[in-house]
Amino acid sequence: MRERTFTEQARRTQLIDVTIELVAEHGYPATSLARIAEAAGITKAAVLYHFPSKNALVEAAYTHVLTALVTTVGTAVDVAAPADGPAAYVRAMVGHLRVNPRHTRMIIEAMVNVTPEFASADRWSAVADLLTAARAARGLDGSIDLRTAALVVGGGIDAIVAESLTDPAYDTAAAADVLVAAIERAWLTD
């Protein structure tokens, strides 16, 4: 496979950005290749030159927003002490999705319409690992149901983000602090 030119790479980036905007605004079903082409100021054939199908383009957009989210959250968790990993995770997830509501909608639309095989274990196991590390760093012993704890944390994040999508005035930072306090009380203290 040949390397893409600078112009080709720039056009692909433009198409991904346009797709994120259109899917976030109109939803997956209402975002056609023709609509993407029109918004990008090119022909449908030119879109198909860069991506073989609407699904391929939406998958590329999904990968783009997911990579941004994982990078932001990963950086926040990496700089936090192990004892503070769960709090860094919650605050970074909620903060990134609050600042990037179109990314949130893109993730939801892609998960529902294009990548429904998303494995829940991929998400909850990462949170379970953070909880395990935080408990160890605090010298806590005894077993907890890590899967359920991680699912509750993920559900709390999802609920906060969903509420912010319906009510942009909702204070997600304060809500994240409440969730962090609940995590502390439930799983990170004896």
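The values are calculated or read from the model by the stated rules, or taken from the named source; none is laboratory data. Note that the structure is predicted; figures quoted are calculated from it, not measured. Here Cβ is always computed from backbone atoms with ideal geometry, including for glycine, and neighbour counts include all displayed protein chains. Ligands, DNA and RNA are excluded from the accessible area calculation, which covers all protein heavy atoms including side chains. Shrake-Rupley method; radii C 1.70, N 1.55, O 1.52, S 1.80 Å.
For the reader, a short list of remarks on this structure follows.
- The residues of region 89-112 that are under 21 Å from Tyr28 (Cβ atoms), of a type outside the set (Gly, Ala, Ser) and buried (at least 18 other Cβ atoms within 10 Å of the Cβ), listed by number, are Leu97, Asn100, His103, Thr104, Arg105, Met106, Ile107, Ile108, Glu109.
- Residues of region 61-110 classified as of a type in the set (Phe, Trp, Tyr) and at pLDDT 95 or above, total: 1
- The residue pairs whose first member lies in region 76-90 and is farther than 18 Å from Ala173 by Cβ, whose second member is assigned to a helix (DSSP H, G or I) and of a type in the set (Asp, Glu), and whose beta carbons are closer than 9 Å, counting only pairs six or more residues apart or on different chains, are Gly85/Asp129.
- Looking at Ala149, Ala173, Ala182, just one residue is closer than 13 Å to Ala128 by Cα and of a type in the set (A, V, I, L, M, F, W, C), and that residue is Ala149.
- Scanning region 113-155 for residues that are open to solvent by less than 50 Å² (accessible area, probe 1.4 Å), more than 29 Å from Pro29 (Cβ to Cβ) and of a type in the set (Ser, Thr, Tyr) yields a single hit, Ser125.
- Of all residues in region 162-186, those satisfying the criterion of being open to solvent by less than 60 Å² (accessible area, probe 1.4 Å) and among the polar types (S, T, N, Q) are Ser164, Thr172.
- When region 103-149 is filtered for residues that are small (Gly, Ala, Ser), without any contact (Cβ under 8 Å) to a residue 60 or more places away in the chain and within 22 Å of Glu59 (Cα to Cα), the ones remaining, listed by number, are Ala119, Ser120, Ala121.
- For region 124-144, the count of residues that are among the basic types (Lys, Arg) and outside any helix (DSSP H, G or I) is at least one.
- Residue within region 155-170 that is within 29 Å of Asn55 (Cβ to Cβ) and aromatic (Phe, Trp, Tyr) present: no
- Test: residue in region 128-150 that is touching a Phe, Trp or Tyr at 6+ places or on another chain (Cβ under 9 Å) and under 28 Å from Asn55 (Cα atoms): no
- Selected residue (only one of Leu15, Leu48 is more than 16 Å from Ile107 (Cα to Cα) and more than 23 Å from the chain's Cα centre (by Cα)): Leu48
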